[in-house]
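Undergrad: Have a look at the structure that comes next, please.
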Amino acid sequence: MEQLTENSSSRVQIAIIGALLLVAVGLLGVWLYLRPVDTNVDRISVLDAPIDGFDYQPDASAAELLKLADVTLDDLSSRFPDVPQTFNVIANRDFLVSDTGAAKSNWTKAVELEPSNTEALFGLANVAFEDTRYEDAIGICETIDRLAPNNPKVPLLLADALLHAGKADEAALVLEQHLATEQGSVQAIELLGNAHLQTKSYEKAAQCFQRAIDFAPKSKDAHYGLAQAFARLGDRDNAKRFMERFKNIAKEIGDEHAEEAKAFEDRNYAAHVAAQVYVDSANIFRAQGDIATACNYILRAHRLQPDVEPWLTELQRMFFSNGQLDEAADVGEHLVGLAPQDLERRLNLASLYADLGRADDAIENYEAAIELAPDDPRCQQAKQIINQLNAS
Amino acid sequence: MQYSRLPVATRIVLRLVAICCVVFWGCRFLGNDCLGQDTTIRFEDLSQSSQIDFIHDNGSSGRHYLIEAVAAGMASFDYDNDGDIDLYFVNGAALPGAARSRPPTNQLWRNQGQFKFEKPSGTYSEDRGYGLGVTVGDVDNDGFADIYLSNLNQNELLLNNGDGTFTKSVDETLACGDRAGGGPCMLDADGDGNLDIYVANYVDFNFDIQATKFRGRTVYGGPLLYDKLPDNFLLNQGDGTFVDYSQASGIDENREWGMGVVCFDFDADGDTDIFVANDSTRNLLYENDGSGSFFDIALLAGVAYDHRGDPQGSMGADVADYDGDLRLDVFQTAYTKQLATLYRNLGDAVLEDATLRTGAGKGTFYYVNWGTGFIDLDNDGDKDLFIANGHIHDNMDDLDDTVSYRLPNQVMQNEDGRFRDVSEQVGDVFQIEASSRGCILDDLDNDGRVDIVVLNSLAKPTVMRNTSKPQNWIQFQLAGTSSNREAVGSQVIITAGDKSQILEVHSGRGYQSHFGSRLHFGLGSAKTVEKVEVRWHGAQPQVFSDLAANRIYTLIQGQPPESSAEVEIQK
């Protein structure tokens with residue numbers, strides 16, 4: 001009897017376990033049926049995957065991060081010793097870490113290799129300006145202007161050097177010429193205002209600073225300049241009014257600086273320097289046709305300083321041009337995540353998915369784009385693509 | 001290659017080159033004067049022979065407390081009234097983590113004449129607080145100059161007993177609590193004939209605030225890491241006691257990171273105003289209403305920020321009339337990657353940043369500038385500039401190849417209102433690299449040329465004798481009777497030939513330092529000063545005529561001038 005009871009109890013247990021297994025299998029089936037279909041479920045995004053040859057520890061110290069930059073630059077120098085841009089990249093790093101003497105020497109080497117290298121010349125002009133050799137800065141800027149007349153940074157530096165050299169009249173001429181094509185350049189307008197202050201043309205100075213405020217309502221420099229101009233014009237009420245506004249803006253900026261100083265992390269600064277070296281180096285590799293290394297270097301930069309959007313956009317472009325569509329889509333997804341309302345990025349990603357044959361993902365992103373800007377002509381085209389994708 | 005076969009343009013270029021060579025070598029032969037690049041300013045290094053063995057100690061132990069980096073000022077004054085200007089060096093004290101077998105103290109060095117100095121014993125002027133700034137003035141009007149020290153903690157007033165000794169004042173008001181002091185100065189704010197004291201305060205110092213890391217190296221964290229404090233204003237009661245008048249005077253309303261201070265009558269209304277150079281924030285310019293109440297008008301007056309509205313790491317400040325319009329202009333030194341700034345006084349309570357127009361900041365961009373003096377170094381009748389340089393970071397050489405911890409000092413020569421950096425031409429002593437802080441400019445050997453002494457952080461001072469080409473000069477030692485005894489705030493205006501000049505007696509100037517109580521005017525070729533007007537502070541002016549040059553005059557209020565014997569101009 002006892003034996004019988006034991007046997008029937010075991011059977012019941014087995015039946016229960018079997019039933020539970022059936023339920024579990026059923027639930028798994030339902031989950032598999034309902035889950036979003038993702039053909040790349042096991043793929044790690046290229047932005048998160050290990051990077052070839054990149055020996056980086058997340059807890060690396062500032063000195064170690066700067067060493068990474070040194071190693072990269074050494075490699076660059078040995079691979080491309082005759083490329084002027086190599087010296088520009090080294091000089092940019094030198095300038096970033098305040099080794100201005102070394103920067104000057106490297107930019108000089110770049111100019112020796114290529115006398116018309118405007119980037120190096122601009123670097124040298126900056127060094128001359130900082131060194132208060134204003135006449136030298138003026139001469140170099142004029143050379144650059146002859147070589148590359150449309151570089152918008154040059155007239156600003158030239159005008160500033162002229163102002164510092166006590167040649168405010170000439171600075172005003174340069175700026176007026178520049179503003180004829182770059183009408184919204186707040187920096188140029190403010191510099192022009194300063195030039196007018198120097199020449200005691202206070203009415204003109206006031207007009208400039210007022211215009212700068214129209215473009216940039218919280219411009220500290222413009223408020224200060226306008227108050228100065230009013231004070232010189234004897235308009236004390238307006239001078240006081242704009243001084244008061246300036247004071248508030250200056251206080252805000254001062255508080256921000258104090259917060260930044262308190263939050264300053266040496267490691268972040270070093271990471272920024274190393275990342276910039278990788279990006280600059282990537283540009284050289286790209287120019288030399290080595291897209292794979294260029295992408296690798298931008299990935300390193302992203303690992304050190306995440307989410308710098310221009311770098312990611314460039315990376316996506318390079319992956320695409322190199323035929324690495326999956327990787328381009330990875331970067332595109334990340335870019336969309338950073339700015340979900342960006343129509344351009346949505347359309348770009350949708351197009352990449354379509355190229356990859358990921359129709360559902362493509363449709364989803366085209367629809368999101370249409371929702372963002374239904375009247376945009378590109379969205380009308382997107383609707384047609386959705387129809388085509390659905391049909392196929 | 002035959003010259004005549006060269007293209008026309010090449011020939012023209014070669015001809016121009018040849019002409020330039022002739023002009024260049026000709027000018028060298030003639031002594032450079034025709035190039036306009038020469039200067040007659042010269043200094044020689046007498047640091048060793050002066051016998052001064054003071055070594056500044058900032059109390060550091062490697063922990064990088066900010067306060068170490070900003071110490072200290074110094075003073076020059078005639079403490080024993082023997083006619084020679086003596087020196088007073090401010091010193092630090094051991095900070096946590098530092099051990100010193102002998103505690104550093106401030107040091108007074110008596111001028112024995114002939115550029116020899118001795119450390120007199122038993123003066124009781126050796127304050128052992130952590131010293132930052134110093135000023136000098138006769139607070140009790142007894143005819144002997146007293147010393148006020150701003151320290152990391154309690155400030156001190158050392159009263160000159162007149163017998164070569166000093167006694168520490170017991171008035172606790174003078175201590176100003178436990179604030180980390182910046183530049184002190186004295187002024188008779190309310191015109192009662194007694195010198196009041198203004199003390200800038202630097203930061204709400206805290207040993208718990210850690211040093212900063214930069215590029216993997218430990219560096220000093222800046223003032224932005226600390227809270228600001230209001231400055232102190234102490235009103236002299238005239239009975240040997242002071243009251244803290246900071247709140248009642250309006251000084252208490254502002255809180256900034258205070259450093260150098262200079263008091264002067266910026267609006268020529270007869271009372272003394274206060275300019276405070278603040279680090280990394282706006283400067284202050286307190287307009288005095290004549291009763292000792294102050295209102296900051298720096299922003300409206302145009303001296304709070306530089307020409308673009310940017311705050312500077314302002315360090316030291318001095319005032320003088322650089323352009324001969326008889327208005328006192330302001331020069332202030334600044335931190336690295338900024339220009340030292342010259343503010344031109346336009347009158348009507350307005351100053352403008354004239355740095356770019358005058359070239360006054362040229363060559364200062366990479367340096368950290370501290371002490372400064374706005375004084376006629378070549379006796380040509382206009383005011384030149386001296387700037388003491390040195391970085392705050394003792395490991396700067398590892399961090400930036402444009403600037404070092406130790407830097408050379410600079411001289412900017414005034415040439416008709418424009419300044420030219422002549423540092424490389426004025427003597428080997430200007431090639432010496434040290435981390436300089438406070439400085440004094442005074443005629444230490446009574447030869448009519450202004451000499452310079454610079455306090456160097458963690459080192460001996462640099463002692464520079466002025467050996468410039470001799471020109472005529474005149475000096476005035478003022479002594480008030482109804483005005484305060486040191487005549488602080490009084491002005492002297494002289495006219496010699498077609499040139500008029502103005503100077504004012506200050507107590508406290510430059511970088512947390514004091515110098516120039518005896519007023520010095522360069523006269524160029526003029527051998528007589530036709531008119532001397534003394535505008536005694538808070539009293540009737542006096543006018544004197546036809547004073548002979550190359551003498552030191554003592555002007556006692558209400559009395560005719562007393563002259564020293566003519567000082568023979570050394571050729």
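Nothing in this text is a laboratory measurement; each read-out follows from the coordinates by a stated rule. Predicted, not measured: the structure shown is a model, and the values here were computed from it. As a convention, Cβ positions derive from the backbone with ideal geometry for all residues, glycine included, and neighbour counts pool all protein chains shown.
Undergrad: For chain B, what relative contact order do you get, as a whole percent, if you take Cα pairs closer than 8 Å and at least 6 residues apart?
TA: About 14 percent, as a whole number.
Undergrad: Hey, another quick one. Taking a point 7 angstrom from the Cα of B:Glu533 along the C-beta vector, which residues in the stretch B:467-492 have backbone N less than 14 Å away?
TA: Answer for this model: B:491-492.
Undergrad: Run the dipole for the protein assembly as shown about the Cα centre, Lys and Arg Cβ at +1, Asp and Glu Cβ at -1, nothing else charged, and hand back the magnitude in debye, nearest 20.
TA: With only Lys, Arg, Asp and Glu charged at Cβ, the dipole is about 2260 debye.
Undergrad: Ok, one more. Could you list the residues of the stretch B:489-530 with an amide nitrogen less than 12 Å from a label point located 7 Å from the Cα of B:Leu326 in the Cα-to-C-beta direction?
TA: B:492-496, B:499-503
Undergrad: Take the Cβ-Cβ distance between B:Ser49 and B:Ser564 as r, set R0 to 35 Å, and report the resulting FRET efficiency rounded to the nearest 0.05.
TA: Computed FRET efficiency for B:Ser49 and B:Ser564: 0.90.
Undergrad: Compute the length gained on full extension between B:Ile556 and B:Ser121: take 0.36 nm times their separation in residues and subtract their Cα-Cα distance, giving the result in nm to one decimal.
TA: Between B:Ile556 and B:Ser121, full extension yields an extra 153.5 nm.
Undergrad: If the convex hull of the alpha-carbon atoms of the stretch A:153-293 is projected onto planes in all directions, what is the mean projected area in square nanometres?
TA: Result: a mean projected hull area of 11.9 nm².
Undergrad: Working only with C-alpha atoms, what are the Rg and Dmax values of the stretch B:43-472, expressed in angstrom?
TA: Values for the stretch B:43-472 (Cα only, Rg and Dmax): 20.0, 56 Å.
Undergrad: When the helix-only estimate is applied to chain B (DSSP H runs of n ≥ 4, each -39,500 (n - 2.57), divided by the residue count), what is the mean residue ellipticity at 222 nm, nearest 500 deg cm²/dmol?
TA: Taking each H run of at least 4 residues, the total per residue is -2000 deg cm²/dmol.
Undergrad: Take every Cα pair under 8 Å in the stretch A:79-260 that's 6+ residues apart, average their separations, divide by the length, and report that relative contact order as a whole percent.
TA: Result for the stretch A:79-260 is 10 percent.
Undergrad: Average partner chain C-beta neighbours within 10 Å, per residue of A:160-169?
TA: 3
Undergrad: Let me ask something additional. Using only the C-alpha atoms of chain A, find the volume of their convex hull and express it per residue in Å³.
TA: 259 Å³
Undergrad: Within 12 Å, Cβ to Cβ, of B:Phe89, how many net charges do the neighbouring residues add up to if Lys/Arg are +1 and Asp/Glu are -1?
TA: In short, -2.
Undergrad: Here's another thing I want to ask about it. Given charges of +1 on the Cβ of Lys and Arg and -1 on the Cβ of Asp and Glu, with all other atoms neutral, how large is the dipole of the stretch B:473-563 about its Cα centre, in debye to the nearest 20?
TA: About 160 debye.
Undergrad: Under the definition of partner shielding as Cβ atoms of other protein chains within 10 Å of a residue Cβ, what is the mean value for peptide B:301-312?
TA: Going residue by residue through B:301-312 and averaging, the value is 5.
Undergrad: Counting each pair of different Cα atoms once, what's the Kirkwood radius of the stretch B:96-205 in Å, rounded to one decimal?
TA: 15.1 Å
Undergrad: Hey, another quick one. Using all C-alpha to C-alpha distances in the stretch B:473-563, build P(r) with 5 Å bins and read off the rounded percent in each one.
TA: Calculated P(r), rounded to whole percents: 3, 15, 27, 25, 17, 10, 3, 0.
Undergrad: Given 25 °C and 0.890 mPa s, compute D for the stretch B:372-453 with the Stokes-Einstein relation, Rh being the Kirkwood radius over Cα pairs; round to the nearest whole µm²/s.
TA: Result for D is 179 µm²/s.
Undergrad: If you build the convex hull over the alpha carbons only and average its shadow over all orientations, what do you get for the stretch A:339-392? Give it in nm² to one decimal.
TA: The number I arrive at for the stretch A:339-392 is 3.1 nm².
Undergrad: Compute the distance in nm between two label points, each set 7 Å from the Cα along the Cα-to-Cβ direction, one at B:Arg418 and one at B:Asp163.
TA: The modelled label-to-label distance comes out at 5.9 nm.
Undergrad: In addition: Points 7 angstrom from Cα along the Cβ direction at A:Asp235 and A:Leu113: gap in nanometres?
TA: Distance between label points: 5.4 nm.
Undergrad: Separate question: Report Rg(Cα)/(2.2 N^0.38 Å) for the stretch B:316-361, keeping two decimals.
TA: So the stretch B:316-361 has a normalised radius of gyration of 1.10.
Undergrad: Mind listing the phi-derived Karplus ³J(HN,Hα) values for the stretch B:247-264, rounded to whole Hz, using 6.51, -1.76 and 1.60 with θ = phi - 60°, and x for any glycine or proline?
TA: For the stretch B:247-264, the Karplus curve yields 6, 5, 7, x, 5, 5, 6, 10, 10, 9, 9, x, 10, x, 9, 9, 9, 6 Hz.
Undergrad: With an 8 Å cut-off on Cα pairs and a minimum separation of 6 or more residues, tell me the relative contact order of chain A in percent.
TA: 12 percent
Undergrad: Grab the other residues whose beta carbon is less than 13 angstrom from that of B:Met412, score K and R as +1, D and E as -1, and report the net.
TA: Net charge around B:Met412: -4.
Undergrad: Follow-up. Between A:Asp74 and A:Asp255, take the C-beta separation as r, use R0 = 56 Å, and let me know the FRET efficiency to the nearest 0.05.
TA: My answer for the efficiency is 0.85.
Undergrad: Another question about this same structure. Using a simple charge model, +1 on the beta-carbon of Lys and Arg, -1 on the beta-carbon of Asp and Glu, nothing else, what dipole does the stretch B:43-472 show about its Cα centre, in debye to the nearest 20?
TA: The dipole magnitude comes to about 2140 debye.
Undergrad: Would you mind checking the radius of gyration and Dmax of the stretch A:304-345 based on alpha-carbon positions, in Å?
TA: Rg, Dmax (Cα atoms, Å): 9.9, 28.
Undergrad: Compute the long axis of helix A:168-181 from its Cα atoms, compare it with the longest principal axis of the Cα atoms of chain A, and write down the angle in degrees, 0 to 90, nearest 10.
TA: The angle comes out at about 40 degrees.
Undergrad: Continuing with the same structure: Which of the listed residues, A:Val25, A:Ala49, A:Leu147, is farthest toward the dipole's positive end in chain A, when Lys, Arg count +1 and Asp, Glu count -1 at the beta-carbon?
TA: Comparing the listed Cα positions along the dipole, A:Leu147 ranks first.
Undergrad: What's the Cα-based Rg to Rh of the protein assembly as shown, Rh via Kirkwood?
TA: 1.09
Undergrad: Let me ask something else. Would you mind computing, in nm to one decimal, how far apart the modelled labels at A:Gln288 and A:Ala148 are, each placed 7 Å from Cα along Cα→Cβ?
TA: Between A:Gln288 and A:Ala148, the label points sit 2.1 nm apart.
Undergrad: If you line up the Cα atoms of the stretch A:79-260 on their principal axes, what length do they span on each, largest first, in Å?
TA: Per principal axis, max minus min of the Cα coordinates gives 63, 39, 26 Å.
Undergrad: For a paramagnetic label modelled at 7 Å from the Cα of A:Asp342 toward its Cβ, which residues of the stretch A:348-379 fall within the zone defined by backbone nitrogen distances under 20 Å?
TA: The answer is A:348-355, A:362-374, A:376-379, whose backbone nitrogens lie closer than 20 Å to the label point.
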